[in-house]
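The values are calculated or read from the model by the stated rules, or taken from the named source; none is laboratory data. The model shown is predicted, which means the values in this text are computed figures rather than measured ones. Here the Cβ is made from the backbone with ideal geometry for all residues, glycine too, and neighbour counts use every protein chain on show.
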Amino acid sequence: EEIPADIAVKSPIMWLNYPNNPTGAGAPIEFLKRAVDFAREYDIVICYDNPYCDLTFDGYVAPSILEMPGAKDVAVEFNSLSKTYNMAGWRVGMAVGNAQAIEALTTVKTNIDSGIFRPLQDAATAALTGDQSWLAERNLIYQKRRDIIMGWLPQVGMTARPPKGTLYVWAKAPAGVKCDAFALEALERTGVWITPGTAFGDHGDGYFRISLCVPEDRLIEAGERLSRL
């Protein structure tokens, strides 16, 4: 609703990412339906980045944009094995959705490379076709790490909404604190690094992204160190 019509008519693409990096936010179904309706009205292609759909907590099921009525007319959904199967850096992903957009993407893709190393493709096939039960166990590990961080945030003057998914907690900085300066001070005085929100743009000022990709004992220690600042 906040996008002016004169901007919308000139916009060929809308990029959406949920569950979101860096905030961990999930997209309500009604929001996605409105996004599809908006794209159909203004002839916009929605590029829906959904690599965290299998990294969710507390029973949350991340939706696909393609579940929304009319989405296949205007949307392409991207996914990756990087997050679901811990294969970051392998550069294995997929795109599904509007046939015309996929055809255009294929034309571009076939002119910039010729595919990935065959053993990586074989490994990706094994990941996709193998036993998937371990994913739930893995998600519980990340969920417990999230809960550890949520537990010590108040002790360091921060607050956050528990993320429904992704690998991050998006924490609000203590009142009056500049996140860049705080991050550097924390690193210098405690040896703990938390990413300032400004690393993701000006609108991230006043927030920190805290990663779940650290063992529990280290997260507990990080909270103890930060609480002494």
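May I ask you to list the residues in the stretch 170-199 that are in contact with a strand residue (DSSP E or B) (Cβ under 8 Å, 6 or more places away or on another chain) and in a helix (DSSP H, G or I)? Please lay out each step first, then the result.
Taking the stretch 170-199 as the starting set, the residues that turn out to be in contact with a strand residue (DSSP E or B) (Cβ under 8 Å, 6 or more places away or on another chain) are 170-173, 179-180, 182-183, 194-197, 199.
Within the stretch 170-199, Cys179, Asp180, Phe182, Ala183, Gly197, Ala199 qualify.
From the set of residues in the stretch 200-221 that are in a helix (DSSP H, G or I) and free of Cβ contacts under 8 Å to residues at least 40 places away in the same chain, which is farthest from Leu140 (Cα to Cα)? Step through it out loud before you land on a result.
Step one: list which residues in the stretch 200-221 are in a helix (DSSP H, G or I), which gives 200, 202-204, 216-221.
Cutting the leftovers down to free of Cβ contacts under 8 Å to residues at least 40 places away in the same chain gives us 202-203, 217-218, 221.
Values: Asp202: 33, His203: 31, Asp217: 16, Arg218: 17, Glu221: 20 Å.
If we take residues in the stretch 200-221 being in a helix (DSSP H, G or I) and free of Cβ contacts under 8 Å to residues at least 40 places away in the same chain, then Asp202 is farthest from Leu140 (Cα to Cα).
What residue, of Asp37, Asp58, is at pLDDT 95 or above and in a loop (DSSP other than H, G, I, E, B)?
Answer to the check: Asp58.
Taking the stated definitions as given, is Gly89 surrounded by 13 or more Cβ atoms within 10 Å (Cβ to Cβ) and either assigned by TED's automatic domain parsing to the domain that holds Val45 or of a type outside the set (Phe, Trp, Tyr) (or both)? Lay out the reasoning, then the answer.
Values: surrounded by 13 or more Cβ atoms within 10 Å (Cβ to Cβ): no; either assigned by TED's automatic domain parsing to the domain that holds Val45 or of a type outside the set (Phe, Trp, Tyr) (or both): yes.
No; evaluated as a whole, the condition is false for this residue.
Of everything in the stretch 168-190, what is surrounded by fewer than 20 Cβ atoms within 10 Å (Cβ to Cβ) and within 20 Å of the chain's Cα centre (by Cα)? Give them in sequence order.
Lys172
Go through the stretch 167-199 and give me each residue that's among the charged types (D, E, K, R) and free of Cβ contacts under 8 Å to residues at least 40 places away in the same chain. Spell out the reasoning first.
Initially, the stretch 167-199 is screened for residues among the charged types (D, E, K, R), giving 172, 178, 180, 185, 188-189.
Scanning the stretch 167-199 gives Lys172, Lys178, Asp180, Glu188.
Of Ala35, Ala71, Ala27, which residue is out of contact with any helix residue (DSSP H, G or I) (no Cβ under 6 Å at 6 or more places or on another chain), over 24 Å from Ala136 (Cβ atoms) and aliphatic (A, V, I, L, M)? So that I can check it myself, show each step before the final result.
Working: Ala71 fails: out of contact with any helix residue (DSSP H, G or I) (no Cβ under 6 Å at 6 or more places or on another chain); Ala27 fails: over 24 Å from Ala136 (Cβ atoms).
The match here is Ala35.
Taking Ala62 and the conditions (1) over 15 Å from the mean Cα position of the chain (by Cα); (2) in contact (Cβ under 8 Å) with a residue 40 or more places away in the chain, which numbered condition does it fall short on, given that it satisfies the others?
Unmet condition: (1).
Identify the single condition in (1) modelled with pLDDT of 95 or more; (2) under 20 Å from Leu229 (Cβ atoms) that Glu137 does not satisfy, given that it satisfies every other one.
Condition (2) is where Glu137 drops out.
When you go through Leu219, Leu153, Leu212 one by one, which is the residue that is buried (at least 16 other Cβ atoms within 10 Å of the Cβ), closer than 23 Å to Arg91 by Cβ and outside the structural domain of Gly93 (by TED's automatic domain parsing)?
Being buried (at least 16 other Cβ atoms within 10 Å of the Cβ), closer than 23 Å to Arg91 by Cβ and outside the structural domain of Gly93 (by TED's automatic domain parsing) holds for just one of Leu219, Leu153, Leu212, which is Leu212.
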